[in-house]
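Every read-out reported here was derived from the displayed coordinates using simple, explicitly stated rules and does not represent laboratory data. Remember, predicted model here, so these are calculated numbers, not experimental data. Cβ: placed from backbone, ideal geometry, glycine included. Neighbour counts: every protein chain shown.
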Amino acid sequence: TMAAGLAQLMVQIGATFGNILIGYLLDHYCTIFMGIIIIQLI
């Protein structure tokens, strides 16, 4: 049915957005973490 197709589409969009958000947050935390390590090494 159309409702099922729409639900599946929403799930796919949600999963894609979630992956982008998680990737962005991980990238941001890695940058901060690397900065902390570099500061401690100096």
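See the values below:
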{"read-out": "Given (1) within 23 Å of the chain's Cα centre (by Cα); (2) exposed (fewer than 10 other Cβ atoms within 10 Å of the Cβ), index of the condition Ile42 fails", "value": "(1)"}
{"read-out": "Tabulated pairs, region 15-42, first touching a residue at least 60 places away in the same chain (Cβ under 8 Å) and of a type outside the set (Val, Ile, Thr), second exposed (fewer than 10 other Cβ atoms within 10 Å of the Cβ) and in a helix (DSSP H, G or I), C-beta under 7 angstrom, 6+ apart or interchain", "value": "none"}
